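Following: one structure in structure tokens, then a few remarks.
Since every read-out is calculated from the coordinates, none of them should be taken as a lab result. These numbers were taken from a predicted model, which means no experiment stands behind them. For neighbour counting, all protein chains shown are included, and Cβ atoms are generated from backbone atoms with ideal geometry for every residue, glycine included.
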Amino acid sequence: MGRSVTVIDQDPEAFRRLGSNFRGKTIAAIGFDRDALMQAGIEEASAFAAVSSGDNSNIIAARVARETFGVETVVARIYDPRRAEIYERLGIPTVATVAWTAGQILRRIDPSGAIEEWRDSTGTLVLAEVAFNPNWIGSPAVSVIRGTGARVAFITRYGQAMLTDEMTVLQEGDLLHVLCHPDDKAALVETANAGAERQS
């Protein structure tokens, strides 16, 4: 992506997993060590990702990057979903690995309903992937959410995200991503499952 990347890991052997094509910098140290971060160029960094195997280490590293060095874009991988929610509310964007994996599995076991992909820190807005009745295929995407208070954020088609407008028609295999209030999810799912025939 044309970015300069530095990877910090306390195990030098871990750098082998980066592969021979990696052109970035590597530093063998603890990820929240201030001297190591400065050696990595944290003072000029535009973004910082804390992705070690420990929740505590990731949170400490993320806070040091943001609070000590003023990095604006910081994200931490958190395995405990309850902790992830707490840190999100504190303003530290997190990727809750367990919750994300569970969501992906559930999506394949039971493709109906709405799977949350993101929720804002105040809990007032949700981005969800919404399954829809095949009868909606050939109908405008906005028809699925009409009357629910939700908005179509985008569609994933053939693995590519695309913005929609009033004329965008659903095709087989589309994934529908919708923004809504948490309280509107039930009505949204009911409408999406109903199908175009029942709505007409």
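Which percent of the Cα-Cα distances in the stretch 112-199 go past 23 Å? The proportion of pairs with Cα distances above 23 Å equals 14 percent. The amide H of Phe154, built 1.01 Å from its N in the peptide plane, has His177 as neighbours under 5 Å, considering only residues 5 or more places off or on other chains. Entry note, the stretch 115-200: relative contact order of 38 percent, from Cα contacts under 8 Å with a spacing of 6+ residues.
Arrange the peptides 165-173, 147-155 so that the one whose residues have, on average, the most other Cβ atoms within 10 Å appears first. Mind dumping the intermediate values first?
On the way: 165-173: 12.1, 147-155: 17.1.
Ranking, from highest mean packing down: 147-155, 165-173.
Less than 5 angstrom separates the built amide H of Thr94 from those of Ala76, all sequence-distant by 5 or more or on a different chain.
Looking at the chain, the DSSP beta bridges with both ends there are about 65 percent antiparallel. Shape class for the stretch 6-99: oblate, because the ratio a/c of the largest to smallest gyration tensor axis (alpha-carbon atoms, square roots of eigenvalues) is 1.5 or more and b/c is at least a/b.
Shown here for the stretch 12-91: trypsin sites (Lys or Arg not before Pro) in loop regions (DSSP other than H, G, I, E, B) with at most 10 other Cβ atoms within 10 Å, namely Arg23.
Positive contributions from Lys and Arg (+1) and negative ones from Asp and Glu (-1), summed over other residues with Cβ under 14 Å from the Cβ of Arg3, come out at +1. Across every direction, the projection of the convex hull enclosing the Cα atoms of the chain has a mean area of 13.4 nm². Run the paramagnetic zone check for Ala14: 7 angstrom along Cα to Cβ, then residues of the stretch 60-97 with backbone nitrogen under 17 Å. Those under the cut-off are 60-65, 75-80, 95, 97. Restricting the stretch 7-92 to GluC sites (Glu not before Pro) that sit in a DSSP loop and have at most 16 other Cβ atoms within 10 Å of their own Cβ leaves Glu72. Summarising the label geometry, the points placed 7 Å from Cα in the beta-carbon direction at Thr156 and Ala187 lie 2.7 nm from one another.
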